[in-house]
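For reference, the structure is listed below as structure tokens.
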Amino acid sequence: MANIGVLLINLGTPDAPDTASVRRYLGEFLSDQRVVEIPKLLWQPILRGPILLTRPAKSAKAYREVWLDEGSPLAVYTCETAARLQELTGPEIRVDWAMRYGKPSIADRLNAMIAEGCSRILLAPLYPQYCAATTATALDACYAALARLRVQPAIRTLPPYYADPSYIEALRTSTERQLAALDFKPDMLLASFHGMPERTRTLGDSYYDQCRASVELLQDALGREVRLSFQSRFGRAKWLGPATDETLRELPAQAVRSVAVLTPGFSADCLETLEEIAMRGREDFLAAGGEAFAHLPCLNASPEAMILYRNLIGRELAGWVQDEFRPIREGN
């Protein structure tokens, strides 16, 4: 029986691509004050009124565009990542996965791991760049679940890995592999990250700086320019820029006829990458005069991802496992 656990944590997804499921999911997601930093008395009437009355139907339609036979892409790829990582770590370590919003919940999976005998658990939010609305709220949910236990396991947390050499190498090899498979050579590589309100940056969130650092390191590794942008704006507040949709519409006028877009802040493909970028982003670019567009899938459960996570987890479990993991590289 494994006494060491690794819990991979991703954002979340509705149970099904229908309006009722999406409404439940958005209600939980947008009620998190790490996500929407507006006083509840002001925000909840807006959320429960116009937003949850109109947005779920539109979002459900978008989810149906990307839904897989096995379920939500984010859940499918995160589950596959955990399964493949389990194969690499062996029986001494129990690898599981959970969602911050929706199912499987963090509390359920933590309780299951503890019931299976895990007395030491590494919490691993799969967010390379730290953000209070992603990394912090995932850990908040973990700590809240642990606070309800009389006997708690020993806990470690995976830190942001935005500049880790294994992360940059995984991005480099994945990007080069996918570029080589295209039938055109893109004039521009665009790295699109999930946006956040500008206010979060002025309050001290390190997300923007870490996104910039990741892009600069990837650019050096690839030996070519990689332009930075931010997607998924919501509401009227000023958000981090430049905006991905505006950038894609402007590139053809700058003599950029072909573009490949990668989304290195997402560990797994989801609605924001598959519908917002691969579909709507393509439409924006081609409608503005672009000639060729490619969306490069996320790391998902690729060989590059497995090397990355194996190295990150091996480092963080040092001292907990009898034989420390040696860093591995592609081909090892």
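The values are calculated or read from the model by the stated rules, or taken from the named source; none is laboratory data. What you see is a predicted model; the values in this text were computed from it and never measured. Please note: Cβ atoms are built from the backbone with ideal geometry, for glycine as well, and neighbour counts cover all protein chains shown. Accessible surface areas use protein heavy atoms only, side chains included; no ligands, DNA or RNA. Shrake-Rupley method; radii C 1.70, N 1.55, O 1.52, S 1.80 Å.
Quick check on my filter: what residues within region 197-232 are more than 26 Å from Q254 (Cα to Cα), over 16 Å from the mean Cα position of the chain (by Cα), assigned to a helix (DSSP H, G or I) and touching a residue at least 24 places away in the same chain (Cβ under 8 Å)?
If the condition is that a residue be more than 26 Å from Q254 (Cα to Cα), over 16 Å from the mean Cα position of the chain (by Cα), assigned to a helix (DSSP H, G or I) and touching a residue at least 24 places away in the same chain (Cβ under 8 Å), then E198, R199, T200, R201 are the ones that fit.
Which is open to solvent by 50 Å² or more (accessible area, probe 1.4 Å) and either at positive phi or aromatic (F, W, Y) (or both), of Y143, Y207?
Numbers: Y207 fails: open to solvent by 50 Å² or more (accessible area, probe 1.4 Å).
Result of the check over Y143, Y207: Y143.
Within region 144-158, is even one residue within 23 Å of G204 (Cα to Cα) and in contact with a Pro (Cβ under 9 Å, 6 or more places away or on another chain)?
Filtering region 144-158 for residues within 23 Å of G204 (Cα to Cα) gives 157-158.
Pick out the ones that are also in contact with a Pro (Cβ under 9 Å, 6 or more places away or on another chain) and you get 157-158.
Taking every residue of region 144-158 in turn, at least one turns out to be within 23 Å of G204 (Cα to Cα) and in contact with a Pro (Cβ under 9 Å, 6 or more places away or on another chain).
Can you pull out every residue in region 49-58 that is open to solvent by 20 Å² or more (accessible area, probe 1.4 Å) and either in contact (Cβ under 8 Å) with a residue 12 or more places away in the chain or in contact with a Ser or Thr (Cβ under 7 Å, 6 or more places away or on another chain) (or both)?
Residues of region 49-58 open to solvent by 20 Å² or more (accessible area, probe 1.4 Å): 50-51, 53-55, 57-58.
Correct list: I51, R55, A57.
Would you confirm whether any residue within region 94-116 is over 20 Å from the mean Cα position of the chain (by Cα), β-branched (V, I, T), at pLDDT 95 or above and open to solvent by 30 Å² or more (accessible area, probe 1.4 Å)?
yes
Just to be sure I understand, how many residues within region 76-93 are closer than 18 Å to A278 by Cβ and either surrounded by 22 or more Cβ atoms within 10 Å (Cβ to Cβ) or at pLDDT below 95 (or both)?
Pass one, region 76-93, residues closer than 18 Å to A278 by Cβ: 76-77.
Cutting the leftovers down to either surrounded by 22 or more Cβ atoms within 10 Å (Cβ to Cβ) or at pLDDT below 95 (or both) gives us 77.
Summing the residues that are closer than 18 Å to A278 by Cβ and either surrounded by 22 or more Cβ atoms within 10 Å (Cβ to Cβ) or at pLDDT below 95 (or both) in region 76-93 gives 1.
Look at region 233-242 and say how many of its residues are small (G, A, S) and either at pLDDT 95 or above or in contact with a Pro (Cβ under 6 Å, 6 or more places away or on another chain) (or both). First the steps, then the outcome.
Within region 233-242, the first condition is being small (G, A, S), and the residues that meet it are 235, 237, 241.
Checking the rest, the ones that are also either at pLDDT 95 or above or in contact with a Pro (Cβ under 6 Å, 6 or more places away or on another chain) (or both) come to 237, 241.
Final tally of qualifying residues: 2.
Taking only region 78-102 into account, find how many residues are touching a Ser or Thr at 6+ places or on another chain (Cβ under 8 Å) and over 18 Å from L26 (Cα atoms).
Of the residues in that region, 4 qualify.
If D69 meets every condition in (1) open to solvent by 70 Å² or more (accessible area, probe 1.4 Å); (2) modelled with pLDDT of 95 or more; (3) under 23 Å from A136 (Cα atoms); (4) of a type outside the set (F, W, Y) apart from one, which number is that one?
If we test D69 against (1) open to solvent by 70 Å² or more (accessible area, probe 1.4 Å); (2) modelled with pLDDT of 95 or more; (3) under 23 Å from A136 (Cα atoms); (4) of a type outside the set (F, W, Y), just (3) comes out false.
Tell me which residues, restricted to region 12-38, are modelled with pLDDT of 95 or more and open to solvent by 40 Å² or more (accessible area, probe 1.4 Å). Before the answer, list the steps.
Within region 12-38, the first condition is being modelled with pLDDT of 95 or more, and the residues that meet it are 12-35.
Those that are modelled with pLDDT of 95 or more and open to solvent by 40 Å² or more (accessible area, probe 1.4 Å): D15, D18, T19, A20, R23, R24, E28, F29, Q33, R34.
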